[in-house]
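First the structure, which I've put down as structure tokens, then a few questions once you've had a look.
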Amino acid sequence: MKILIINAGSSSLKYQFMESEGGQVFAKGLCERIGIDGRLTHKVPGREDVKQDIPMPTHGEAIQAVLDIMTDPEKGVIRSTDEIAAVGHRVLHGGMAFTESCIIDDKCIEAIKKCIPLGPLHNPANLMGIEACQKIMPNTPQVAVFDTAFHMTMPPKAYIYAIPYEYYEKDDVRRYGFHGTSHRYVSARAIDLLGNPEHSRVICCHLGNGSSLSAVVDGKCVDTTMGLGPLAGFPMGTRSGDVDATILEYLMGRYGYDIKEMLNILNKKSGVLGISGVSSDFRDLDEAAAKGNARAQLALDKFAYEVRKFIGAYASAMGGVDAIVFTAGVGENSTDMREHICQGLAYMGVEMDPEKNKVRGREADVSAAGSRVKIFVIPTNEELMIAMDTAELCKK
Ligand code: ADP
């Protein structure tokens, strides 16, 4: 089935048009500066990229621009929008309402709206994308795929916070976790690569700009590092990961920050950028560290150390581990970071083959012969997962 995938942000909208079986990508692109002026970048494999300035006061014009270019006789890939069998939307927060993907109807939209307080930046933008598609393509089925859904199998001891229970009961405060579509895709692939054993314990390391780990037993998530929001876990490009809440009170008192300013520091100015003062991009950090920049090295050390600690924690939580998966920008591409993270884990049967680990952006088993735990590099493919869910729900 030919599926259009939409990932709508507040001022941008990514799209990909692909085949749900086999994953062939026909076209993809990005609308930027929605609500400001509007720019479209459209990519078709084997052709030159198209860049156009098109007014996009709202997400409606952005979606229309995508459909126009997709059906353009020269630059397009389809004759009419009838060739789009369905639209799959990436939605950030599904709260407790969504344990899996669902066909978008009025009830679903209401439930996504109810999750806005939990995902105040993303859910309204996701909804704008959905509503624009409904208006322009009223007869095309739409599906919502949630970043949180895969993690909804976590047991209460993993998702409950140790604060008064009433905040869970009355206000839905709990661990949700994100990157769920990626964790679902790579954990399923890892289980395949393990030979589909009846029982399996997999740790997925999604290491990108935003990063999270998940612990997956028999294909079901039992724990993950992100929390109510995506700020939690270990240091990321610009996010702090878990911090002692006392730091907030201390710095807010010293500098007169309000909570918005404080959270902006923790979300945008922290992580490896905050420690290094150099960059949030791991390639820049590698370069700076190689030239002797001690803070860039410290940022890389801190990142690897915290990921390694969570690997140990999740191995304990699951009573062992059969495979560790590396995925996303850093996980798929950085030989050095994978090696750094796996250093000293031989005690738990994790042994990497440094030669096999010299791989970038493709699936590989990088564990040493005889390593009790398999180490896999698996490029994530959230779009394919969304396309597959969309096709499956539409067939039903
Ligand atoms: P996002 O979370 O925005 O989807 P990605 O998964 O694309 O991010 O990951 C982006 C990160 O991947 C950047 O910090 C970038 O430095 C890192 N990255 C990409 N290629 C490499 C590489 N060859 N070595 C180290 N890091 C890399």
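The values are calculated or read from the model by the stated rules, or taken from the named source; none is laboratory data. Just so we're clear, the structure is a prediction, and the values are computed from it rather than from any experiment. Note that we place each Cβ from the backbone using ideal geometry, even for glycine, and neighbour counts take in every protein chain shown. Only protein heavy atoms, including side chains, enter the accessible area calculation; ligands, DNA and RNA are left aside. Shrake-Rupley method; radii C 1.70, N 1.55, O 1.52, S 1.80 Å.
In the stretch 13-61, which GluC sites (Glu not before Pro) fall in coil by DSSP and have 14 or fewer other Cβ atoms within 10 Å?
Filter output for the stretch 13-61: GLU21, GLU48.
Antiparallel DSSP bridges in the stretch 197-377: what percent, to the nearest 5?
Approximately 60 percent, going by the DSSP bridge assignments.
Another question, if that's okay. Please give me the summed charge of the neighbours of ALA149: other residues whose Cβ is under 9 Å from its Cβ, Lys and Arg +1, Asp and Glu -1.
Surrounding charge for ALA149 is -1.
Something else now. For a test of the definition: using alpha carbon positions, the gyration tensor, and the 1.5 limit on a/c, classify the stretch 149-282 as rounded, prolate or oblate.
oblate
Taking a 29 Å limit on the Cα-Cα distance, which of the listed pairs LYS114/LYS135; LYS114/LYS157; LYS107/LYS396; LYS260/LYS291; LYS2/LYS356; LYS107/LYS268 fall beyond it?
LYS260/LYS291; LYS2/LYS356; LYS107/LYS268
If you count the DSSP beta bridges with both ends in the stretch 2-146, what percent of them are antiparallel, to the nearest 5?
Working: 24 of 33 bridges.
Looking only at bridges with both residues in the stretch 2-146, the antiparallel portion is about 75 percent.
At most 10 other Cβ atoms within 10 Å and a DSSP loop assignment: could you name the GluC sites (Glu not before Pro) in the stretch 281-386 that fit?
Answer by residue number: GLU355.
Same structure again: Using only the alpha carbon atoms of the stretch 3-43, find the Kirkwood hydrodynamic radius as the inverse mean reciprocal pair distance, in angstroms to one decimal.
10.7 Å
Another question, then. Around ALA289, what is the net charge, scoring Lys/Arg as +1 and Asp/Glu as -1 over all other residues with Cβ under 13 Å from its Cβ?
Around ALA289, the charge tally is -2.
Place a +1 charge on the Cβ of each Lys and Arg in the chain and a -1 charge on the Cβ of each Asp and Glu, then give the dipole magnitude about the Cα centre in debye, rounded to the nearest 20.
So the dipole magnitude of the chain works out to roughly 420 debye.
Now, a different point. If I fit a long axis through the Cα atoms of helix 180-193 and take the longest principal axis of the Cα atoms of the chain, what angle between them do I get, 0 to 90°, rounded to 10?
70 degrees
Tell me the Rg and the Dmax, in Å, that the Cα atoms of the chain produce.
Expressed in Å, the Cα Rg and Dmax of the chain come to 21.5, 62.
From the C-alpha gyration tensor of the stretch 321-396, pull out the three semi-axes of the equivalent ellipsoid (sqrt of 5λ each), sorted largest to smallest, in whole Å.
29, 14, 9
Running a GNM on the chain with Cα contacts under 10 Å, which residue among ALA313, ALA162, ALA299 ends up with the highest mean-square fluctuation?
Ranking ALA313, ALA162, ALA299 by mean-square fluctuation puts ALA162 first.
Something else now. Mind pulling the per residue volume of the convex hull built on the Cα atoms of the stretch 252-319? Å³ is fine.
124 Å³
Here is a follow-up. Sum -39500 (n - 2.57) across every DSSP H segment of at least 4 residues in the chain, then divide by the residue count to get the 222 nm mean residue ellipticity, nearest 500.
Helix-only estimate at 222 nm: -11500 deg cm²/dmol.
With viscosity set to 0.890 mPa s at 25 °C, what whole-number translational diffusion coefficient in µm²/s follows for the stretch 2-146 from Stokes-Einstein and a Kirkwood radius over Cα pairs?
Estimated via Stokes-Einstein, D reaches 160 µm²/s.
Same structure, new question: When the chain is fully extended, how far beyond the present Cα-Cα distance does LYS395 get from THR140, taking 0.36 nm per residue of separation?
Additional length available on full extension: 90.5 nm.
In the stretch 197-377, if every C-alpha pair distance is counted and binned at 5 Å from zero, what percent goes to each bin?
Once binned at 5 Å, the Cα pair distances of the stretch 197-377 give 2, 8, 16, 19, 19, 15, 10, 6, 3, 2, 0, 0.
Work out, in µm²/s and without decimals, the Stokes-Einstein translational diffusion coefficient of the stretch 271-361 at 25 °C, 0.890 mPa s, Rh from Kirkwood over C-alpha pairs.
Values: Rh = 13.9 Å.
Stokes-Einstein gives a translational diffusion coefficient of 176 µm²/s.
Decide, for the stretch 244-287, between rounded, prolate and oblate: order the square roots of the alpha carbon gyration tensor eigenvalues as a ≥ b ≥ c, take rounded if a/c falls under 1.5, and otherwise choose prolate if a/b is larger than b/c, else oblate.
Prolate, because a/c is 1.5 or more and a/b exceeds b/c.
Additional query: Among GLY229, GLY370, GLY237, whose mean-square fluctuation peaks in a Gaussian network model of the chain (Cα, cutoff 10 Å)?
GLY370
So, one more: For the chain, what is the accessible area per residue in Å², given a 1.4 Å probe and the full set of protein chains? Write down the numbers at each step before the final one.
Values: 18710 Å² over 396 residues.
It amounts to 47 Å² per residue over the chain.
Another question, then. Using a 1.4 angstrom probe on heavy atoms only, work out the carbon and sulfur share of the accessible area of the stretch 155-312 in %.
Percent of accessible area from carbon and sulfur atoms in the stretch 155-312: 53.
For the stretch 178-200 and the stretch 1-76, what is the separation of their C-alpha centers, rounded to whole Å?
30 Å
Counting other Cβ atoms within 10 Å, keep those with at most 12, restrict to DSSP loop, and tell me which trypsin sites (Lys or Arg not before Pro) in the stretch 74-106 are left.
The qualifying sites are ARG79.
In whole percent, how big is the carbon plus sulfur part of the accessible area of the stretch 2-146, probe 1.4 Å, protein atoms only?
Answer for the stretch 2-146 is 50 percent, counting heavy atoms of protein chains only.
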